[in-house]
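**Q** Structure provided below as structure tokens; questions to follow.
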Amino acid sequence: MDFLRLEFDIQHHLVMSRRNGYDHALIRLILSTLAEPEEIASLSKKDFRFKKGLVTVCFKRNRVSPIDGETFRLIDSLKGEKPFDLKEAEMDEIVSRYSPRDRKYTAKSLRKAMVKFLRDASFFDIEFEELDIEKLRDFMEDFNPLYSGAWLDEDGLTEFILNYSIVNKIEDPEKISEETGLDREFVSEVIKTGKSLFSYIGKFEAKNLSLRDE
């Protein structure tokens with residue numbers, strides 16, 4: 001899948017889910033920790049660990065992963081000791097709700113997309129489970145935009161709006177604002193002054209749309 005389109009698809013889930021804290025937390029958990037559905041379902045707030053300013057989560061089968069601060073705060077604010085007491089089909093329904101119009105993701109395929117994004121961004125075919133927790137945290141801080149907040153800061157949202165306009169063939173700022181939940185004035189300014197990378201390379205349609213679960 002084309003790297004820019006892959007990034008747009010992942011960012012789409014983040015931006016579009018922000019109006020629902022529970023759904024947004026679930027999607028962030030997948031993208032921040034590369035969690036599998038069974039790991040998400042068994043997650044308890046007691047599984048979070050704190051050491052030297054580092055927040056980690058210990059999943060089923062003793063897999064330990066870093067987690068970015070904002071995702072942790074969102075999950076910690078949810079009710080219940082087990083915030084995601086869901087079946088895999090229910091997780092898939094939530095993820096699909098925020099997928100781009102032209103393709104639908106599941107919890108597993110969104111995770112798979114994030115793994116591919118991280119490998120492509122770092123130029124390494126990394127086996128994440130083989131890294132110790134400190135190296136994995138360093139890797140995520142270097143290459144996972146969720147940790148820096150880059151996908152949801154002003155620059156990241158500017159590029160998202162431009163790409164959203166191209167992919168969905170919508171130029172009306174009011175309609176884009178209504179669909180994305182982003183501020184109308186901000187969207188209007190972006191549409192008037194910006195130009196998407198997609199419009200330069202003409203490759204917003206991915207060559208390989210297959211992200212079927214393995």
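**Q** In segment 34-132, which GluC sites (Glu not before Pro) are in a loop and have at most 14 other Cβ atoms within 10 Å, using DSSP for the loop call?
**A** Glu81, Glu127
**Q** Compute the long axis of helix 184-193 from its Cα atoms, compare it with the longest principal axis of the Cα atoms of the chain, and write down the angle in degrees, 0 to 90, nearest 10.
**A** Approximately 60 degrees, to the nearest 10.
**Q** Angle, helix 21-33 long axis vs. longest principal axis of the chain, Cα atoms, 0 to 90°, nearest 10?
**A** The two axes meet at around 70 degrees.
**Q** With all pairs of different alpha carbon atoms counted, what Kirkwood hydrodynamic radius in Å does segment 1-143 show?
**A** 15.4 Å
**Q** So, one more: Scattering from the C-alpha atoms of segment 120-179 alone, worked out with Debye: what is log10 I(q)/I(0) at q = 0.15, 0.17, 0.29 1/Å?
**A** -0.62, -0.70, -1.16
**Q** Let me ask another. For the chain, what does the helix formula give at 222 nm: sum of -39500 (n - 2.57) over DSSP H segments with n ≥ 4, over the residue count, nearest 500 deg cm²/dmol?
**A** -16500 deg cm²/dmol
**Q** How high is the relative contact order of the chain, given as a whole-number percent (alpha carbon pairs under 8 Å, six or more residues apart)?
**A** 26 percent
**Q** Please identify, among Ile161, Ile67, Ile126, the residue showing maximal mean-square fluctuation in a Gaussian network model of the chain using a 10 angstrom Cα cutoff.
**A** Ile126
**Q** If you don't mind, there's one more thing I want to ask. Please find, in a Gaussian network model of the chain (springs between Cα atoms separated by less than 10 Å), the residue of Ser165, Ser44, Ser77 whose mean-square fluctuation is greatest.
**A** Greatest mean-square fluctuation among the candidates belongs to Ser77.
**Q** Please return the longest stretch of the chain lacking exposed loop sites, where chymotrypsin sites (Phe, Trp or Tyr not before Pro) count only if DSSP places them in a loop and at most 15 other Cβ atoms lie within 10 Å.
**A** So the longest stretch without any such site is 1-122.
**Q** Still on this model: Compute the Cα gyration tensor for segment 28-95, then decide on rounded, prolate or oblate, letting a ≥ b ≥ c be the square roots of its eigenvalues: rounded whenever a/c is under 1.5, prolate when a/b is larger than b/c in the other cases, and oblate in all that remain.
**A** Here segment 28-95 falls in the prolate category.
**Q** Something else about it: Enumerate the calculated ³J(HN,Hα) couplings along segment 65-81 in order (Karplus 6.51 cos²θ - 1.76 cosθ + 1.60, θ = phi - 60°), each rounded to whole Hz, writing x wherever the residue is Gly or Pro.
**A** 9, x, 9, 6, x, 5, 5, 4, 5, 5, 5, 5, 7, 6, 6, x, 6
Every number in this text was worked out from the coordinates using simple rules, so none of it is lab data. This one's a predicted model, so the numbers in the text were calculated from it and none came from an experiment. Every residue, glycine as well, gets a Cβ built from its backbone with ideal geometry; the counts of neighbours run over all protein chains shown.
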